[in-house]
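Following: one structure in C-alpha cells, then a few remarks.
The values are calculated or read from the model by the stated rules, or taken from the named source; none is laboratory data. None of these values were measured; they are calculated from a predicted model. Positions of Cβ are generated from backbone atoms using ideal geometry, with glycine treated the same way; all protein chains shown enter the neighbour counts. In case anyone asks, the SASA skips ligands and DNA or RNA and just uses the protein heavy atoms, side chains included. Shrake-Rupley method; radii C 1.70, N 1.55, O 1.52, S 1.80 Å.
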Amino acid sequence: MMGWTSTQRNVATACFLSWMLDAFDFFILVFLLSDLAGYFKTTVTDISIAIMLTLAVRPIGALIFGRLAEKYGRRPILMLNVVLFSVFELLSAWSPTFAIFLLLRVIYGVAMGGIWGVASSLAMETIPDRSRGVMSGIFQAGYPCGYLLASIIFGLFYEHIGWRGMFLVGALPIFLLPFIYFKVPESPVWLAAKARKESHALLPIIRSNLKICGYLVLLMACFNFFSHGTQDLYPTFLKVQHQFDAHTVSIIAICYNIAAMLGGVFFGALSEKIGRKKAIMIAAFLALPVIPLWAFASGSVMVGLGAFLMQFMVQGAWGVIPSWLTELVPANARAVLPGFVYQLGNLIASVNATLQSKIAAVQGGNYGLAMAIVAGTVAVLIFLLAAFGRETRGMKISGAESVERQ
C-alpha cells in the first residue's frame, strides 16, 4: 500500500472488511451443524442442506445487487448488502422450526451473494493498477479472515452463549456502515461511465462474451468445490471423526485460517511477478501432496499441520481470482459479471456439503475420505483450466489514476 492515497486505503479497508464480515456470518454456521442437528432433531446431512441452499441462491444476489451497482453505484449497494446479510443472520437465531431456519438461510444467501462482486469491483477500480495483484490477495484473504474470526468467537464464547448467541454476534457487520458512508467514495470508473452514459445491459454483454463466461463459470465451480470442499465440513470432521473438543477445533481452525490469509496474499503478490495463470497452477498443484496429511493424519498436531498447508494452497490459488476475474471481463460489467459467474460456480458447488456428508455416511463416518476425493479432483481440474486461460498481468484499468490525484 506504499504510495496509496488515504482514499484508496479507506476503500481497500472497507471492501476487505465487507467480504471478511460476510464470510464470518457464513462460517458461523459450519461450527454449529451438530448443535443444530440436535436442536431440530435431525441429522448433520439434513442441516448441511442449509449450506447448500445458501450457496445455491448466491447467484441471484450477485445478479440483483450487481445490476443495482451498475445502475446506482458500488458504494450505496455495498451498504445495502451489509445491512441485509447482517439482519437475516441475526434472525436465524430465532428460527422456531427447521423449515423457517432454511428459509432464513436462503434469504441470507441472496444478500450474501452480492457482496463479492460489488466490493471487488469497487476495490479494483479504485486502487493503482500496479497494486492489483497484491490487493487481490488481500481482498480474498477477507474470506479466511472471516472464518478465522468465526473460529475465535466459537472458541471463546460458544460454551457461554450457545448456538443462538453465535448467530446474534452475526449482527456485528452493521457497525461497518458509518465507515463506508463517511470515508468511502464512489468508484471513479463507475462515475466516468455514468458521465459517458455507457450501457450496462447484461444480456448483450453475456452474448458477446459467451465463451469466456462459460469458461469462468466452470472455473469458479471448481474453485468453490476447492474452498468449500476443504472448509465447510472440516470442523465437523474434527469434532465427530477425531473427537476433538471445542477448544482444539478452534485452535486448529485459527491456524489454518491464518495460513489461508498468508497464502492469499503470497500468491496474489506472486501473480504480479509470474502471471495470474502460473500462480494459480502452482498453488493447485502443491495442494495435491498435502492431501494425505490433511485428511488422514492422526493427532491434533499433525492434523493441524495438514490443515495449515492445505489452506495456504487453497486460498493461495483463490488470492489471484479477484484481480483475474476483474481483468477478464468487460469494463462495463465489472460489478455484475465477476460476481455472477463466481456465484454460478457456487451454485454448481452448493451440493458439496451434502455430497461429502453422504459419502462420509456411506463410508462409516469417514469425513476425511470424502473431503480428500473432492479436494484432489478439483485441484487437478483447476490446474488444467488455468493452463488454458488468458494471461492478464499488467492490464490497465482506467480510473485508478484519478483517485491517485485526489
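Inside the range 124-178, residues that are open to solvent by 20 Å² or more (accessible area, probe 1.4 Å) and either among the small types (Gly, Ala, Ser) or outside any helix (DSSP H, G or I) (or both) make up a count of 3.
Count of the range 179-193 residues, restricted to those that are assigned to a loop (DSSP other than H, G, I, E, B) and open to solvent by 30 Å² or more (accessible area, probe 1.4 Å), is 2. For residues that are of a type in the set (S, T, N, Q) and part of a helix (DSSP H, G or I), scanning just the range 1-14, find the one that is least open to solvent (accessible area, probe 1.4 Å). Only one residue tops the list, namely Gln8.
If you go through the range 128-177 and keep only what is β-branched (Val, Ile, Thr) and in contact with a Gly (Cβ under 8 Å, 6 or more places away or on another chain), you end up with Val134, Ile138. Summed over the range 232-258, residues that are of a type in the set (Gly, Ala, Ser) and either without any contact (Cβ under 8 Å) to a residue 40 or more places away in the chain or surrounded by 22 or more Cβ atoms within 10 Å (Cβ to Cβ) (or both) total 2. Counting only helices (runs of 4 or more DSSP H) wholly contained in the range 287-395, the ones carrying 3 or more residues that are open to solvent by 10 Å² or more (accessible area, probe 1.4 Å) and closer than 30 Å to Gly73 by Cα occupy 337-349. Among the residues making up the range 15-42, those that are within 17 Å of Val87 (Cα to Cα) and among the acidic types (Asp, Glu) are Asp22, Asp25.
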